[in-house]
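What follows is a single structure, written as structure tokens, with notes after it.
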Amino acid sequence: MRNGKSVGPQAEVVEGLMEKTRFVSAIEEGLADAGSGRVHSHEAVIAEMKNRFGKHAPEHRRGSSGTGESR
């Protein structure tokens, strides 16, 4: 991309590959964090969301898989 505009199909391919590379890097970083114990419990995350956003925090639903289906 140049000045926010594509310069051809090759540029789109390169940008797609770069996006995939960033995605894989983020996944690897998260896995490394989990492997090193740098994680938070579900309950701690819900408490932090309520603390930060109060009544605007997302509702907590036990048993939800996050896909709209219950387990």
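What the table shows:
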{"quantity": "Ala47 vs. criteria of a type in the set (Gly, Ala, Ser), surrounded by 10 or more Cβ atoms within 10 Å (Cβ to Cβ) and at pLDDT below 95", "calculated": "yes"}
{"quantity": "Positions within the range 46-60 being within 18 Å of the chain's Cα centre (by Cα) and in contact (Cβ under 8 Å) with a residue 12 or more places away in the chain, in sequence order", "calculated": "Ile46"}
{"quantity": "Close pairs from the range 16-45: first under 26 Å from Glu59 (Cβ atoms), partner among the charged types (D, E, K, R) and in a helix (DSSP H, G or I), Cβ under 8 Å, at least 6 apart", "calculated": "Val39/Asp33; His40/Glu48"}
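The values are calculated or read from the model by the stated rules, or taken from the named source; none is laboratory data. Note that the structure is a prediction, hence the values are computed from the model and not measured. Positions of Cβ are generated from backbone atoms using ideal geometry, with glycine treated the same way; all protein chains shown enter the neighbour counts.
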